[in-house]
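Inspection log for the structure reproduced underneath, given as structure tokens.
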Amino acid sequence: MKGFPFLFKFSYRNLWRAPKRTLIMLLSLSLGTGFIIWDLNFANSGSKEVMKDFLNQYAGQYHITNVDYYDRVNKKEFNNYRTMSDNQIQDKNLLEKSTKRITAPVFVSGEKKTLGVLLTGLDVPKELKLTTLKSAVTIGSFLDPQGSKEIILGKKLAQRINISVGDEVAVIGQALDGSVANELMKVVGLLDFGGGDLEESLAFTQFQTAQELMSMSPDMYHQRVSFSVEEENLPKLTGLAVTTWDEILPEIGVSVRFIDNFTWIVSFIIVLVISLGLSNTLMITFFEREQEFQCLNIIGAKTSWVAFSLMIEVILLGTTAIFIGIILGHAATTYFYHFPINIEIFTGGKPIIMGGMIIKPLVRLYPVMSYYWQVPLLIYFFLSTTMIYPLVRVINRSKNAI
Amino acid sequence: MVNNESRYLFKFAWKSILRNSGRSFFIGFSVSLAVVIAVWVVAFFDGLNSQIEKAVVNTNTGFFQVQDPLYYQSTDSSSPREYGQDISNLFVDSKILAKSPELVLDGNISTPEGAMGLLVLGVEPELHKRLMPIYKKIVKGNFLEKNDEFSIIIGQALAKIFKLKVGDQLVLNYQDKIGELRSEILNVKGIYHYNSNGFEKRYVYINQKSWQKLFLNHDTGKILFNRITINTKDLLAEPLISSAIKPTDLKLKSWKNLNPEMAVVLEFHDGMIRFFFIIIGLTITMTILTPVRMLWQERLKELKMMSTIGVSLSKFWKIGLYEVLLMTGLSGIFSSLMLILIIGTQSARGIDFRFLSDGVSIERAGIKLPGIIYPQLSKEQLLITFLFVTLVLSISYIYSIYSTLKKLKEER
């Protein structure tokens, strides 16, 4: 260890023998590191913001229902005869953080057409507090918390059944007691989901109206939907089921996971390409100094000493580059925290439709601390691999020096 | 014809590359690898996008739909047009693979098993057979015929929910042309198994004669349409169809207008690829810049000597450009061979992505999302490969030659 400070100094000076070359290597590795950190932060924040925007609009983070409400295999299927009540929830804090809903597959009949929709009875004051559904109503108004027998339809559905705000529609379905459920409801607002599927298949009314339509007792409902994003651990409830959005909307979960995996693949590719280039440069740099290594051998320096000095050079270069890269990546992340990115840049300005709804997320980048050690580790791994071949060749050639 | 001097300089450039064959190989390999990865990503997304497009088009959407103005506005089926020879002749072109005049009725089925909205398509069986392979996907019973009376073809998923078999009767509820609520009995003639569960639950087929009797209350004896569903090879046929319908008041919609959610997914993929390409381009340019620069600076003495014996700077540039040409050729050929090998194998076997959904089949916006993706290699991608290699190598070489010759000038 005595000779280490000298070796360190020697390696450091070697790096500055060709400053331009070292700077370019440093720059390419730093920019690569910085970009990967930024990119991973972007992908992570992007997924979270997109999901937040989407889930806060209507779907929610998780649903508390009767155990038999959702089909055990296919959560797209549900049994409307399976209801629940507040009495079944022991933790009363959950009631505060969630909103109750009634779901009713019905037919909405206009002047010329009758179409099937999922009518949802909403606890209006709670929905206004917890969701952003109101902002999707672009024509007319949202449901009146004090009103009844009002209905909100999707724009596309209204267009298809030739209905405008102020008109009345007939709602026909099957009540839970087996009788025919029918009601005349007044259209108060139209939802704009950017032409997505849900514009045709969703309708909303007041909770009490839906309860009466479905002939349900006053304390019963179908779902309690929670929008709590911070919820790390799902509540454990006896006699009730907790179903996450990922299970209800697997297509959205898959799309998000696909993009996340793709980002990691891109990161690996970038590190691989940079490593190949670095390996090439290191090899040229090492061979260029072959005569010098032979001289060092002649005056008594061991091959291991030469190899060790070269390793220090690479580690020094790598560590500096990774350090600068982390700063660059973090600075870019912080910048885009203050100036969020509109991901419509990926679609040429076209609105993004997800799960049948339009979403307009502005991605505010948040740093994920684990990336700040995972990425350097990845780069160190490739850097070490990169160094092996040039180093082995230098050692082999040095053996023949004397 | 290449003159002697150029031939000599070309030979010189080739020998310069071979002088440091290992290093040249490394540079070429780095570029090739980056290009292979970049093009593979493009091929992968092209394959995915093409599978998504195919899945959307096959939900009886077609690449295009020509619609009557009222149907276009509100999907009101009450003013169907006649599909005469004049209309049929508008769509005669080798790019148009199939056309099917269709009448569309929104109905529903309501039984003790539940209730469901249906899209009842009135089709001309022979024309529809050219558009979609439903007739080949009949798992029980038979497909429609022109003169069937009130026969219906339903999806397997719908049959399962409502416990319907071939020969059973289905009560269809709907509003007719004048808005009157009606319930009519239809005989299940066949059950198909095709596309997604959502498709099988929603789409049912009857012939034009039955449709007209149900909705218009009489058979006009003519082929009518609310929409003409058209299949082409791709969306590039849009200007052709657009100009064909120009003299009429018919309206055109592409599948992207009809399924905006999946259209945006494709746009998003394209945006991601562009972003990825820029990043890979920048990375590889920066990465090979140093070795190429070192390669040229190492030859400074040699260039000085050549300059002393009268070789002009323009000739050095020529040598450099020939080197770019040769390296481009070598890297391009290597990349193309790798791509043909990798993508050739994967396009046949596919890449299984079902682990992302725990093996469960996923449906989005009415289509079944592909679980196994088959990358597609096209001529365009190979052309892009060569352009990309040329661009990356040119930037690195031009910068290196420029900085070396600048140094040469200074030292002279």
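The values are calculated or read from the model by the stated rules, or taken from the named source; none is laboratory data. Note that the structure is predicted; figures quoted are calculated from it, not measured. Cβ sites come from the backbone with ideal geometry, for glycine too, and all protein chains shown count toward neighbours.
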Please verify whether the stretch B:4-27 includes one or more residues that are within 30 Å of residue B:371 (Cα to Cα) and either in contact (Cβ under 8 Å) with a residue 40 or more places away in the chain or outside any loop (DSSP other than H, G, I, E, B) (or both).
no
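Yes or no, residue by residue, for (1) farther than 30 Å from residue A:346 by Cα; (2) β-branched (Val, Ile, Thr):
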position	(1), (2)
B:277	no, no
B:287	no, yes
B:292	yes, yes
B:322	yes, no
Please give the strands (runs of 3 or more DSSP E) falling wholly within the stretch A:163-232 in which 2 or more residues are touching a residue at least 24 places away in the same chain (Cβ under 8 Å) and under 30 Å from residue A:48 (Cα atoms).
A:180-191, A:202-206, A:223-226
Can you name the condition, by its number, that residue A:309 falls short on among (1) within 13 Å of another protein chain (Cβ to nearest Cβ); (2) touching a residue at least 24 places away in the same chain (Cβ under 8 Å)?
(1)
Which one of the conditions (1) facing chain B (nearest Cβ under 9 Å); (2) of a type in the set (Gly, Ala, Ser); (3) free of Cβ contacts under 8 Å to residues at least 60 places away in the same chain does residue A:301 fail to meet, given that it meets all the rest?
(1)
Kindly list the number of the only condition in (1) in a helix (DSSP H, G or I); (2) modelled with pLDDT of 90 or more; (3) within 30 Å of residue A:114 (Cα to Cα); (4) not small (Gly, Ala, Ser) that fails for residue B:89.
(3)
For the stretch A:315-349, which positions are within 26 Å of residue A:246 (Cβ to Cβ) and either within 12 Å of chain B (Cβ to nearest Cβ) or exposed (fewer than 14 other Cβ atoms within 10 Å of the Cβ) (or both)?
A:341, A:342, A:343, A:344, A:346, A:347
Subset tally (residues that are away from chain A (no Cβ under 14 Å), of a type outside the set (Phe, Trp, Tyr) and under 30 Å from the mean Cα position of the chain (by Cα)) for the stretch B:75-122:
18
When the residues of the stretch A:107-151 are narrowed to those that are in a helix (DSSP H, G or I) and crowded, with 17+ Cβ neighbours inside 10 Å, which ends up farthest from the other protein chains (Cβ to nearest Cβ)?
A:126
Taking residue A:67, is it surrounded by fewer than 23 Cβ atoms within 10 Å (Cβ to Cβ) and away from chain B (no Cβ under 12 Å)?
yes
Of residues in the stretch A:233-261 being without any contact (Cβ under 8 Å) to a residue 12 or more places away in the chain and touching a helix residue (DSSP H, G or I) at 6+ places or on another chain (Cβ under 8 Å), the one nearest to residue B:288 (Cα to Cα):
A:261
Of everything in the stretch A:178-202, what is among the acidic types (Asp, Glu) and either buried (at least 23 other Cβ atoms within 10 Å of the Cβ) or within 14 Å of chain B (Cβ to nearest Cβ) (or both)? Give them in sequence order.
A:192, A:197, A:199, A:200
Name the residue that is surrounded by the most Cβ atoms within 10 Å (Cβ to Cβ), counting only residues in the stretch B:354-383 that are modelled with pLDDT under 75 and in a loop (DSSP other than H, G, I, E, B).
B:365
Scan of the stretch B:119-137 for residues that are modelled with pLDDT of 95 or more and β-branched (Val, Ile, Thr), ordered by number
B:120, B:123
Quick check: anything in the stretch A:73-91 free of Cβ contacts under 8 Å to residues at least 12 places away in the same chain and touching a helix residue (DSSP H, G or I) at 6+ places or on another chain (Cβ under 9 Å)?
yes
Scanning the stretch B:162-182 for residues that are closer than 19 Å to residue A:170 by Cβ and polar (S, T, N, Q), the one nearest to the other protein chains (Cβ to nearest Cβ) turns out to be B:175
Taking the stated definitions as given, is residue B:50 crowded, with 21+ Cβ neighbours inside 10 Å, assigned to a helix (DSSP H, G or I) and not aliphatic (A, V, I, L, M)?
no
Scan the stretch A:232-241 and tell me whether some residue there is at pLDDT below 85 and within 30 Å of residue B:367 (Cβ to Cβ).
no
Of the conditions (1) closer than 17 Å to residue B:101 by Cα; (2) crowded, with 23+ Cβ neighbours inside 10 Å; (3) away from chain A (no Cβ under 14 Å); (4) among the aliphatic types (A, V, I, L, M), residue B:154 fails just one. Which one is it?
(1)
If you go through the stretch B:240-290 one residue at a time, how many are among the β-branched types (Val, Ile, Thr), within 7 Å of chain A (Cβ to nearest Cβ) and surrounded by fewer than 21 Cβ atoms within 10 Å (Cβ to Cβ)?
1
Residue satisfying condition, being hydroxyl-bearing (Ser, Thr, Tyr) and over 33 Å from the mean Cα position of the chain (by Cα), within set B:308, B:248, B:283
B:308
Give the residue that is surrounded by the most Cβ atoms within 10 Å (Cβ to Cβ), with candidates limited to residues of the stretch B:225-239 that are part of a helix (DSSP H, G or I) and of a type in the set (A, V, I, L, M).
B:237
Give just the number: which of (1) closer than 18 Å to residue A:23 by Cβ; (2) out of contact with any helix residue (DSSP H, G or I) (no Cβ under 9 Å at 6 or more places or on another chain) does residue A:291 not satisfy?
(1)
Restricting the stretch B:50-74 to residues that are within 12 Å of chain A (Cβ to nearest Cβ) and modelled with pLDDT of 90 or more, the one nearest to the chain's Cα centre (by Cα) turns out to be B:72
Among the residues of the stretch B:54-77, write down those that are more than 17 Å from residue B:241 (Cβ to Cβ) and not in a loop (DSSP other than H, G, I, E, B).
B:54, B:55, B:56, B:58, B:59, B:60, B:70, B:73, B:74
Going through B:307, B:396, B:336 one at a time, which residue ends up being within 13 Å of chain A (Cβ to nearest Cβ), polar (S, T, N, Q) and either assigned to a helix (DSSP H, G or I) or touching a Ser or Thr at 6+ places or on another chain (Cβ under 7 Å) (or both)?
B:396
Complete set of residues in the stretch A:239-264 that are more than 16 Å from the chain's Cα centre (by Cα) and either part of a helix (DSSP H, G or I) or acidic (Asp, Glu) (or both)
A:248
